[in-house]
Amino acid sequence: MRPQDIVILLKIIAKNSNPWLYKDLANELYISQSEISESLARSTLAGFFNNNTKTVYRLNVMEFIEHGLHYVFPVLPAAMVNGIPTAHSHPFMKKHFQTDLEYVWPESKGKIR
């Protein structure tokens, strides 16, 4: 699994059974069509996606997010850098958490440190 695999699956879920094409996902997520294809092949092998019916096994994805995501993609706080707010620092999550430290995804144009 790669980080974009879960993002792609969540994008498909968000479409609420509306028809989609690989090129649509590629344009909306700024990922190449070949990466969409490779990602969905990985997700099929992992039991998250049915390539024949183009459906996501939502319960499998939720179970992975809830119990496995932090093992596959561990977060290790690093040096202070500018970036894009993530985790509890994201504007949506800030409503639910209070913290002294901001967590960011490193990005040179980011406004949060």
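Calculated from DSSP H runs of 4 or more alone, at -39500 (n - 2.57) each and per residue, what is the 222 nm mean residue ellipticity of the chain, nearest 500?
Numbers: 6 runs with 48 residues, N = 113.
Counting only the DSSP helices, I get -11500 deg cm²/dmol.
With every protein chain kept in place and ligands, DNA and RNA left out, what is the accessible area per residue of the range 1-108? Probe 1.4 Å, answer in Å². The partial results should precede the final answer.
Numbers: 7740 Å² over 108 residues.
Per residue, the range 1-108 has an accessible area of 72 Å².
For Lys23, go through the lysines and keep the ones whose alpha-carbon is under 18 Å away, minus same-chain ones fewer than eight residues off.
Lys11, Lys15, Lys54
Give the Rg (one decimal place) followed by the Dmax (whole number) of the range 5-113, computed from C-alpha coordinates and expressed in Å.
Considering the range 5-113 through its Cα atoms, Rg and Dmax are 16.3, 47 Å.
Pop out the carbon and sulfur fraction of the accessible area of the chain as a percent, whole number, probe 1.4 Å.
Details: 4820 of 8310 Å².
Looking at the chain in its full context, I get 58 percent from C and S.
For the chain, set up a GNM with springs between Cα atoms under 10 Å and report which of Leu25, Leu101, Leu76 has the largest fluctuation.
Leu101
Pop out the ³J(HN,Hα) list for the range 18-34 in order, Karplus 6.51 cos²θ - 1.76 cosθ + 1.60 with θ = phi - 60°, rounded to Hz; leave Gly and Pro as x.
6, x, 8, 10, 4, 5, 5, 4, 4, 5, 6, 9, 6, 10, 5, 4, 5
Comparing Phe92, Phe49, Phe64, which has the greatest mean-square fluctuation in the GNM of the chain with Cα pairs linked when under 10 Å apart?
Comparing Phe92, Phe49, Phe64 in the GNM, the peak value goes to Phe92.
The values are calculated or read from the model by the stated rules, or taken from the named source; none is laboratory data. This structure is a prediction, so every number in the text was calculated from the model and none was measured. In case anyone asks, the SASA skips ligands and DNA or RNA and just uses the protein heavy atoms, side chains included. Shrake-Rupley method; radii C 1.70, N 1.55, O 1.52, S 1.80 Å.
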